Amino acid sequence: MGFFDRLYYGNPNKPDLKKEDMPQGRFKIFFTVLQVRFWKLIQLNLLYSIFWIPAFFVVYVNLMYLIQAQEMPELLNNIQGIGTTMVLFLLPCFLIAGPATAGTTYVVRNWARDEHAWVWSDFKDAWKMNWKESLIIMLINGLALIIFHVNLNFYRLQAQQNLLFSILYYFILIAGLIYAMMNMFIFPMLVTYKLKVRQIFKNAFIFTMAELPRTFVIFAIAAIIFGVVFYYSIIFIIPLFLVGFTFPMLITTSYANWVFDKYLNKKLDSRNEEENDEE
């Protein structure tokens, strides 16, 4: 069996974990998945990274410009314009990666719930099932990034002259951070429950605020890992394509599963039991 066959079907010499072999609890399952499916995470990361190549290229070009601007002061006056251009170019990049994010999240979510998933076939199926909603979500994310960037620059400049704008500047920062943390729940909900996009964003906000301290810690851990990998990928691109996406996603998705267990799954299970009793 060749590499691409194993990517699609899995390795028959390594049977999937049985239910009784899996530890109980999301925390223990996370480390078991990290150990047992380490190479599968890398395979999935390689697949997912392909769809982020345009975004990586846009960011890389703009970072090179900023580095060059440090040596050429005349370029510093145009930094804000370069940042705006980068954000605008990232919008179509987000749309390209939208369905792929749904597919990747579905596979990682299954692994994080100790459920079976093939790297390619389940990725492809989740892509087909959620491509419309994932495009809408990524469009909203892209527009939110543009709005955040424009408002942050505006209030930062105005804050130099007025204290009120300083308050608004930090308010925008906090709002942007909360929105970023909401994304830990958005795609896991998309591939798990039959919800409208509006309901997904509403629930993501509720979960973020209800578990704000824990959510912030998990988000910070995942962001630091991604940031370190991305930093070294600027010099040596391989780390991003090996571990840059799926490993932080495993952290955030495992946490999202825990939150869903706490706030959604028990209620859904009890509701299903009541419906079965009535029948």
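General observations
- Neighbourhood charge, 12 Å Cβ-Cβ cut-off, centred on ALA256 and excluding it, Lys, Arg +1 and Asp, Glu -1: +3
- Here the Debye sum runs over all C-alpha atoms of segment 101-144 as equal scatterers in vacuum, and log10 of I(q)/I(0) at q = 0.13, 0.19, 0.31, 0.34 Å⁻¹ comes out as -0.30, -0.57, -0.98, -1.07.
- The phi torsions of segment 120-132, fed into the Karplus equation with coefficients 6.51, -1.76 and 1.60 and a -60° offset, translate into couplings of 8, 5, 6, 4, 5, 5, 5, 4, 5, 6, 10, 5, 5 Hz, rounded to whole numbers, with Gly and Pro shown as x.
- For segment 22-261, the normalised intensity computed at q = 0.08, 0.10 Å⁻¹ comes to -0.33, -0.51 (log10 of I(q)/I(0), Debye sum over alpha carbons, equal scatterers, no solvent).
- If you take all other residues with their beta carbon under 15 Å from the beta carbon of VAL197, and give Lys and Arg +1 and Asp and Glu -1, the sum is +4.
- Global geometry of segment 88-176, whether rounded, prolate or oblate, following the gyration tensor of its Cα atoms and the 1.5 cut on a/c: prolate
Read-outs throughout are calculated quantities, based only on the coordinates presented, and are distinct from any laboratory measurement. Since we're looking at a predicted model, the values are computed, not measured. Don't worry about glycine lacking a Cβ; one is built from the backbone with ideal geometry, like all the others, and counts go over all protein chains shown.
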